[in-house]
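Presented below is the structure to which this report refers.
The values are calculated or read from the model by the stated rules, or taken from the named source; none is laboratory data. Computed from a predicted model, the values in this text were never measured in an experiment. Backbone-built Cβ (ideal geometry, glycine too); neighbour counts: all protein chains shown. To get the accessible areas, we keep the full protein, side chains included, count just its heavy atoms, and leave off ligands, DNA and RNA. Shrake-Rupley method; radii C 1.70, N 1.55, O 1.52, S 1.80 Å.
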Amino acid sequence: MATFGQSGQEQTQAERQAKWEQALNRDVLPDFVTGRLREAAAGRLPWMSTMTPAELLLSQELGIRPVAMVSGTCWYHYGWSWTNGHPEGWHSALDRMKQEALAAGANAVVDVKMRTLNLRAEDSMDFTVVGTAVRVEGLPPSTNPVMATVSAVEFVRLLKEGIVPTGVSIGANYDWLTSYSFNPTASGTWWNQPLDELSDFWRRVRQRAVRNLREDTRRLGNGVLAHTNFGQLIKVERERQPPDFLGRFIVIGTAIHCQRLAELASRIDMVIDMCDGASPLNDVTPHGHNAYPVDNDEEGAI
């Protein structure tokens with residue numbers, strides 16, 4: 001198998017793989033990637049975009065030009081910590097995507113989507129992000145391109161309202177509820193009733209994830225458009241013992257800085273999205289570290 005780099009010289013797959021390994025060890029991009037992105041930025045190569053045709057038309061009317069589709073991937077081993085491992089894996093992938101945006105001379109990367117392979121690999125997981133690197137009319141290339149999960153149209157509208165997208169914020173938490181035992185006769189009835197201990201456990205997991213999101217946002221801005229979340233509550237049966245429960249929750253969004261609201265205390269409210277279609281809670285997902293139920297060809301965020 002052979003591919004062609006910027007100079008047109010033939011490179012084997014083994015040579016490209018060797019260059020990738022050298023680049024990763026030095027935390028840089030290989031020359032054939034930077035060459036391709038610079039050619040795309042100069043208009044000498046066709047550009048690609050994650051935008052829909054309607055978004056592309058509106059973006060051009062608002063002064064945004066797509067430069068190239070960029071991505072970042074990190075297969076991450078997170079040992080014993082699901083909570084720390086997931087944000088670190090996503091941030092590593094985002095940092096690598098930012099390197100591609102820099103090579104393309106972009107001001108921002110919009111429409112950032114997060115993907116993962118549904119592959120069992122013990123104590124590790126694939127973290128992949130893709131997005132569209134764009135230039136904003138009248139601005140020079142940025143030394144620190146902004147990462148945003150919002151679309152290009154939403155990106156410009158936020159700017160016009162004085163709300164500046166500043167990056168991607170991530171919060172995650174997991175915990176165990178051990179030896180859980182529900183005895184309906186203790187309350188004197190078999191009728192429907194709330195499971196207070198399990199409800200309180202799940203509430204604490206979610207709230208800690210949101211608290212971690214707030215802390216991650218502090219380094220970027222004073223607010224966050226937290227629109228993507230994933231939760232999983234796994235029941236672990238034990239022989240002749242009450243079951244354990246593993247709760248995991250992650251929330252992700254675009255951090256913003258809003259000058260007009262800078263004097264207000266930051267607050268994040270949890271809401272329920274009553275969306276149409278089948279509930280994702282009915283999906284059967286494998287119990288393991290690879291918790292995100294995303295297929296390679298699925299549209300949207302996590």
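Structure data summary
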item	result
Options Asp200, Asp126; residue that is closer than 30 Å to Gly35 by Cα and modelled with pLDDT under 90	Asp126
Pairs where the first residue, in the range 22-44, is under 24 Å from Asn107 (Cβ atoms) and among the polar types (S, T, N, Q) and the second is part of a helix (DSSP H, G or I) and open to solvent by 90 Å² or more (accessible area, probe 1.4 Å), C-beta under 9 Å, 6+ apart	none
Considering residues of the range 237-261 that are under 19 Å from Leu195 (Cα atoms) and touching a Leu at 6+ places or on another chain (Cβ under 6 Å) only, the residue most open to solvent (accessible area, probe 1.4 Å)	Phe245
Breaking point among (1) closer than 20 Å to Gln99 by Cα; (2) open to solvent by less than 100 Å² (accessible area, probe 1.4 Å); (3) assigned to a loop (DSSP other than H, G, I, E, B), for Met51	(1)
Those residues of the range 94-123 which are of a type in the set (D, E, K, R) and modelled with pLDDT of 90 or more, in sequence order	Asp95, Arg96, Lys98, Glu100
Leu139 being within 27 Å of Gly43 (Cα to Cα), among the hydrophobic types (A, V, I, L, M, F, W, C), open to solvent by 10 Å² or more (accessible area, probe 1.4 Å) and outside any helix (DSSP H, G or I)	yes
Looking only at the range 124-135, and only at residues there that are open to solvent by less than 30 Å² (accessible area, probe 1.4 Å) and either touching a Lys or Arg at 6+ places or on another chain (Cβ under 6 Å) or hydrophobic (A, V, I, L, M, F, W, C) (or both), the one that is farthest from Trp82 (Cα to Cα)	Val134
Filter pass, Thr128 being touching a Ser or Thr at 6+ places or on another chain (Cβ under 8 Å) and over 22 Å from Glu55 (Cβ atoms)	no
Members of the range 203-241 found to be acidic (Asp, Glu) and modelled with pLDDT of 85 or more, listed by number	Glu215, Asp216
The one condition in (1) of a type outside the set (A, V, I, L, M); (2) open to solvent by 30 Å² or more (accessible area, probe 1.4 Å); (3) farther than 23 Å from Gly221 by Cβ that Pro66 fails to fulfil	(2)
The listed residue being out of contact with any strand residue (DSSP E or B) (no Cβ under 9 Å at 6 or more places or on another chain), at pLDDT 85 or above and closer than 30 Å to Glu100 by Cα, out of Thr149, Thr166, Thr143	Thr143
Failed item in (1) under 26 Å from Arg206 (Cβ atoms); (2) surrounded by fewer than 21 Cβ atoms within 10 Å (Cβ to Cβ); (3) among the small types (Gly, Ala, Ser), with Ser71 passing the rest	(1)
Matching residues, the range 77-95, being surrounded by 14 or more Cβ atoms within 10 Å (Cβ to Cβ) and in contact with a strand residue (DSSP E or B) (Cβ under 6 Å, 6 or more places away or on another chain)	Trp82, Thr83, His86, Pro87, Gly89, Trp90, Ser92, Ala93, Leu94
Matching residues in the range 208-228 - criterion: being buried (at least 20 other Cβ atoms within 10 Å of the Cβ), touching a helix residue (DSSP H, G or I) at 6+ places or on another chain (Cβ under 8 Å) and among the polar types (S, T, N, Q)	Asn212
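A quick yes/no check of all residues on (1) within 27 Å of Ala42 (Cβ to Cβ); (2) without any contact (Cβ under 8 Å) to a residue 24 or more places away in the chain; (3) assigned to a helix (DSSP H, G or I):
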site: His91; (1), (2), (3): no, no, yes
site: Met97; (1), (2), (3): yes, no, yes
site: Gly131; (1), (2), (3): yes, no, no
site: Thr143; (1), (2), (3): yes, no, no
site: Pro165; (1), (2), (3): yes, no, no
site: Val168; (1), (2), (3): no, no, no
